[in-house]
1. Given the conditions (1) under 22 Å from residue 15 (Cα atoms); (2) at pLDDT 80 or above, report the number of the one that residue 90 does not fulfil.
2. Cβ-Cβ under 9 Å, sequence separation 6+ or interchain: first residue in the stretch 16-29 and at pLDDT 75 or above, partner among the β-branched types (Val, Ile, Thr) and in a loop (DSSP other than H, G, I, E, B). Which pairs?
3. Pull up the stretch 125-138, narrow it to residues that are in a helix (DSSP H, G or I) and open to solvent by 30 Å² or more (accessible area, probe 1.4 Å), then point me to the one that is nearest to residue 21 (Cα to Cα).
4. Return the residue satisfying two criteria in turn: it lies in the stretch 144-159 and is modelled with pLDDT under 70 and part of a loop (DSSP other than H, G, I, E, B), and of such residues it is surrounded by the fewest Cβ atoms within 10 Å (Cβ to Cβ).
5. Among the listed residues 141, 63, identify the single one that is at pLDDT 75 or above, touching a Lys or Arg at 6+ places or on another chain (Cβ under 8 Å) and open to solvent by 60 Å² or more (accessible area, probe 1.4 Å).
6. Would you point out which residue out of 76, 32 is among the small types (Gly, Ala, Ser) and either at pLDDT below 75 or over 23 Å from residue 143 (Cα atoms) (or both)?
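The values are calculated or read from the model by the stated rules, or taken from the named source; none is laboratory data. Being a predicted model, the structure only gives us computed values, none of them experimental. FYI the Cβ positions are ideal-geometry reconstructions off the backbone, even for glycines, and counts take in every protein chain you see. The protein model used for the area step is the full one, side chains on, heavy atoms only, and it has no ligands, DNA or RNA in it. Shrake-Rupley method; radii C 1.70, N 1.55, O 1.52, S 1.80 Å.
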Amino acid sequence: GSTVLSGMTPNVFAKRTRNNHAVLVVTPELCSTAYRGLWDNVRKDFIPIAVRFENADELTFGLAYVSEDAYEGPKSHLEFVSAEVGPATHEEWETAAETIDQVMLEFEDQWCSLAEEARVKKFGTELPVNYPDWARQARFLQQRGFESSHFAGLNASRN
């Protein structure tokens, strides 16, 4: 036997936020051949399951969002904008992937500024003078979702 999703597509995605929270999204199991042809059965008001974790380093307890009402509740930290499910051709998938990459590149300068702002808020304006200090600051930024390319100023201090 085998599982339906084995070797197909992931149906759970997680992302660490800048504030060291985590958001996990469960997508519907419609991408495998076992579900082919069911696209028309997806409700137009479909909302994927999302789980928000207060601490990205401790994922034992999270707040699940399974309805539109959950996003409007007093304990809600997330906002639901929209969701759409449907089949895509390989070309459409490639276009979407390229668009995401382009958008990320457009905001690269903003990410760099946000990374520097977070670093200065935590460690002050002085750049680290030794490797342990550099590693501590780099780890701090990575735990908040920044990539090494986002803290170029910090990287320049190593040279």
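1. Every listed condition holds for residue 90 apart from (1).
2. Hits for this filter: 23/17.
3. Among those residues, the one meeting the criterion is 136.
4. 159
5. The unique qualifying residue is 63.
6. When all the criteria are applied, what remains is 32.
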